[in-house]
1. With n ≥ 4 as the cut-off for DSSP H runs, can you work out [θ] at 222 nm for the chain, using -39500 (n - 2.57) per run divided by the number of residues, rounded to the nearest 500?
2. What is the packing order of peptides 33-43, 100-110, taking the mean over residues of other C-beta atoms within 10 Å and listing the highest first?
3. Of the listed pairs Lys14/Lys87; Lys14/Lys239; Lys14/Lys63, which have alpha-carbon separations greater than 21 Å here?
4. Starting from the Cα gyration tensor of the range 144-253, multiply each eigenvalue by 5, take the square root, and state the resulting semi-axes largest first in whole Å.
5. Hey, what do the phi angles of the range 123-137 turn into as Karplus ³J(HN,Hα) couplings, whole Hz, using 6.51/-1.76/1.60 and θ = phi - 60°, x for Gly and Pro?
6. How many angstrom separate the Cα center of the range 13-68 from the Cα center of the range 122-183?
7. Using Cα atoms only, what is the angle between the long axis of helix 170-187 and the major principal axis of the chain, expressed in degrees (0 to 90) to the nearest 10?
8. Once Rg and Dmax of the Cα atoms in Å is worked out from the coordinates, which option in [x] 17.8, 56; [y] 18.4, 59; [z] 20.6, 70 does it equal?
Amino acid sequence: MSSPSDLPLLRVEKVSHAYSPETPVLAPVSFDVADGEFVCIVGTSGSGKSTLLRIIGGLVEAKAGAVWLAGALSTEPHPEIGFVFQKTNLMPWRTALENVLLPLELLGPITPTHRSQAMALLELVGLADSAHSFPAQLSGGMAQRLVLARALVRHPRLLLLDEPFGALDALTRERLNLELLRIQTSQQQTVVMVTHSINEAVFLGDRVLVLGEQPGRILAEIHVDLPRPRNLALMGSEKFGALATEIRRHIGLVEG
């Protein structure tokens, strides 16, 4: 029998979904994610990437299959799962600090310890000087960093990211990729991230899962054997290019 330490943090077991019998979204999908691992999911539009992430997060009920978190069946939103969407959903009337504190307010009165924790997270994401600014005063990149801090405030074991940087310009996106890697390393965070960007997936991930067209199914599992810590110069390497090309081949963007 496996001990708890042998179990993956996340297990997705034969999960499938359909909005109707005529519109299957996900074919049975199975994969594990180890504690501390960064897994990226890529695929064309309509391959069910975001639906799969919402099922993992307990926001959508799977039609079949199961999701296990730390060995326990997970069927609804879990306090040990943090979620970051492309849309920030920040409260415009609350300061950056107040937005980070919101998940803790839902649990009870805010204490000085809570405020210290929230300020430490704002420091972590480089927003300590903007603690008392409102969302309208923040750039798009700053707003996404704020959302990341809010997702981390309850110390989730698993962080789910759904195209968090998709609406940002390329330079800001690259800077935030570096920021995300730094935070993931310092927090020893387990991450599952959906992205349309193949380069982003290779740059960030330990593994990349490639989903095929609807109904989504795993076409390939690519192990990214690139050294860490990573920097943007890595994107120009031959190995990086070969991994990105392999993913494109599985999606059908290149022949071979």
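Laboratory data are not the source of any read-out in this text; all were calculated from the coordinates shown. Everything numeric here is computed off the predicted structure, so don't read it as measured data. No Cβ is skipped: glycine too gets one built from the backbone with ideal geometry, and neighbour counts run over all protein chains shown.
1. On the way: 7 runs with 83 residues, N = 256.
Taking each H run of at least 4 residues, the total per residue is -10000 deg cm²/dmol.
2. Put in order of decreasing packing, that is 33-43, 100-110.
3. Details: Lys14/Lys87 29 Å; Lys14/Lys239 32 Å; Lys14/Lys63 10 Å.
Over 21 Å Cα-Cα: Lys14/Lys87; Lys14/Lys239.
4. For the range 144-253, the ellipsoid semi-axes come out as 23, 17, 14 Å.
5. Values per residue, Gly and Pro as x: 5, 4, 8, x, 10, 4, 6, 10, 4, 9, 8, 9, x, 5, 8 Hz.
6. About 25 Å separates the Cα centre of the range 13-68 from the one of the range 122-183.
7. Tilt relative to the chain: about 80 degrees.
8. [y]
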